Each structure stands twice: as C-alpha cells, then as structure tokens.
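A short worksheet on the structure shown next.
Quick note: the coordinates plus some simple rules give every number you see, no bench work behind them. For clarity, every value in this text was computed on a predicted model and none was experimentally measured. Every residue, glycine among them, receives a Cβ derived from its backbone with ideal geometry; neighbour counts consider all protein chains shown.
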Amino acid sequence: MTTHDPKALRNAFGSFMTGVTIVTAVSKTGEKVGFTANSFTSISMDPPLLMVCPANKLSSFDIFEQCEHFAVSVLAEDQQHASNCFAGSKEDRFAQVAWHEDAFGTPLISGAVAHFSCSAFEKIPAGDHLMLVGQVEHFTHNEKFGLGYAKGGYFSLGMEHKAEEVAHGQCARVGALIESAGKLLVEKTAEGYRLPAVDISSEKGSRATLAAFLEQLGGESEIGQVFSVYEKSSTGNFIAFYRVERTGGQTPENCEYVPIDALQNLNFISYDLTTMVNRFVTEKQHGVFRLYVGNDLEGDVR
C-alpha cells in the first residue's frame, strides 16, 4: 500500500479553498452535538442530497453514525468565533453561540449564510471518516458572504472585495508580507526596517503591480489575501499590503528573511509598519488572519 507523509498530505488537501460549516445533531437522549467541517459538498438535486464527513475520532461520532436527522449551517464571514468554538472548545459549545432549532429539534447556528435540515439518507464508512449523506428536507439562505478557509487560515470574500476596490481605486503604493519557510522578508535601511513596497502602476492596479514586482524577484510567489489597506497621513495616499507565499529565488539587495518569532525584536521605520508586523505575528500564531482598514494611526480590524 502506498504511504504518504500525513502532514504533507493534509497540507495538500488544505490548499483547496472551501467554505466553513457547522454540522449538528441530537442524540436519542437529547444531547446536542456539533463540529466544524469544511468537508461538505452537494451531491444531487433530485433527490436533494448533500454530504458531510465526520471523523471516526470525533467525540460525538457515535451520535452522527446513528442519527436520523442532522443539520448543516454554512457560516458567514463574521462567524470565525463559532467555527473556532465548534472546532476545539471543550466547554458547552451551544452556550457560546446563538442558535435555534429546526423542525426536527436539531440546532441551527443563527446568523449563518445558509441552513440545511436533513434526514439521514445513507452512511458509508470510508477509511477514518464516515460519509454521511443527507436528504435536504428544508433549507434557508441569504445574501451574506460566507466564511472561507484555505491553508490553515480563514478568509473573507466580502472583505477581499472591499479591500480590492479601495486598493485598485485609491492606493498609490502596494507592499507585501512575503513569507518563506517560516520567515518574513524585510528590507534594512539607515532608519530601520521596512517591508517591500512599490508604486502602483495606474495601468495595472495594485495586485497586478505586486505580481510584476514579485516576478522580478524570481522564484515562485503566490499572492494571498489583502492584509492591510490604509491612508498615510503624511501624504494622504493609500497603501495596500498583501500576504505572499514565496519559494526559491534570490534575496533582494539590502533584504533578509527573519524568523517570524523574531520580528517583534526589529526596529521598523514607522508606527504603522510596527503595528502591522506585530499583528501579523499574533495572527500567524493563531492561524486567523484579518483585514485592517483605516489610516496609519487608527482603523478597524475586520
């Protein structure tokens, strides 16, 4: 039998961008259970079928294996707390989020993008998971943006679209937090450290300008989500910073890669860069990246 490095395989699976759901059920004794899942897919329109895949090691696995009904709540972009709660909390998860019952008494997470109330249609053991197929008995949905997940972190399409609009229309410069092998690329100047940034080409816009800059550096670069968009009070112009994953290529002149856990020891040239890098370090540790919008002194982290 072919063997693979489990961590490498998990990372490869994690490169596929998904939404985030919470799957819930009720035991025969009335115990409410739920878990966070991005292994969710629609299967059929006639009959209406969907599938989730609880792991055998799930503490509530037996309940899902025996359930007659279950529900899926597709989380909205502002429901990271609910996702984290049902992914790891040992406390009463249902005491930490707002919820309500469907017609079968199954919990639905309030504020979600969509709800699917299902009857168990088929249960198929598959390796260390169970393929739990449900027939949709009732559903609701709205126009909110869903919460996204990829490569171990959340992303928000709504915030991405808003940031892209600001970055494309108002920004004069674009920069990057360039990661490689657990380190961040920084540039050393006489005044202190700064992050790589370039003037935006009016013909290309922020993202295309950054892509062209990264191409000049060589190696392979993948531009991720917008991390910060803010106005520089000294110039009145906006600057956008993206997260970037890079492999290979040469280290640019006057630049170096610094381990992420050592970044807070560096002296950056401005307050906005210092606070941004400190936030990056903290969010990297927690695996949840958010978007800052404001100016170089104050703003909102969303």
Subject >> Net length gained if the chain between Val281 and Ala181 were fully extended (0.36 nm per residue, minus Cα distance) >> reply: 34.6 nm
Original post:
Among rounded, prolate and oblate, which fits the stretch 1-144 when a ≥ b ≥ c are the square roots of the eigenvalues of its C-alpha gyration tensor, a/c under 1.5 means rounded, and a/b larger than b/c means prolate?
Top reply: rounded
Original post:
In terms of modelled amide H atoms, which long-range or inter-chain residues lie less than 5 Å from the amide H of Phe104?
Top reply: none
**OP:** Give me the percent of Cα-Cα pairs in the chain that sit more than 32 Å apart, rounded to a whole number.
**Re:** 38 percent
**OP:** Give me the percent of DSSP beta bridges within the stretch 169-295 that run antiparallel, rounded to the nearest 5.
**Re:** 65 percent
Original post:
What's the FRET efficiency of Thr251 with Arg302 using the Cβ-Cβ distance as r and R₀ = 25 Å, to the nearest 0.05?
Top reply: 0.15
Original post:
What aspartates and glutamates could a cross-link reach from Lys123, if we take a straight Cα to Cα line under 20 Å and drop same-chain neighbours fewer than 8 places away?
Top reply: Asp46, Asp62, Glu65, Glu68, Glu137
Original post:
Reachable aspartates and glutamates from Lys188, Cα under 16 Å, same-chain residues fewer than 8 places away excluded?
Top reply: Glu253, Glu256
Original post:
Measuring from label point to label point, each 7 Å out along Cα→Cβ, what is the Ser119 to Asp62 span in nm?
Top reply: 2.6 nm
**OP:** Kindly provide the helix-only [θ] at 222 nm of the chain, computed as the sum of -39,500 (n - 2.57) over DSSP H runs of four or more divided by all residues, to the nearest 500 deg cm²/dmol?
**Re:** -6500 deg cm²/dmol
Subject >> Candidate lysines - alpha carbon under 23 Å from Lys7, same-chain residues fewer than 8 apart omitted >> reply: Lys57, Lys151, Lys183, Lys284
Original post:
For Asn295 and Asp199, what does the FRET efficiency come to when R0 = 22 Å and r is the distance between their Cβ atoms, rounded to the nearest 0.05?
Top reply: 0.70
**OP:** Would you calculate the separation in nanometres between label points at Asp261 and Ala150, each defined as 7 Å from the Cα along the Cα-to-beta-carbon direction?
**Re:** 2.9 nm
Subject >> Most mobile listed residue (Ala95, Ala150, Ala197) in the chain, GNM with C-alpha springs under 10 Å >> reply: Ala95
Original post:
Between Glu91 and Arg10, what length comes free when the chain is fully extended (0.36 nm per residue of separation minus the Cα-Cα distance, one decimal in nm)?
Top reply: 26.5 nm
**OP:** Pop a pseudo-label 7 angstrom from the Cα along the beta-carbon direction at both Ser110 and Asp78 and give the gap in nm to one decimal.
**Re:** 1.4 nm
Subject >> Cα gyration tensor shape of the stretch 169-295, rounded if a/c is under 1.5, else prolate or oblate by comparing a/b with b/c >> reply: rounded
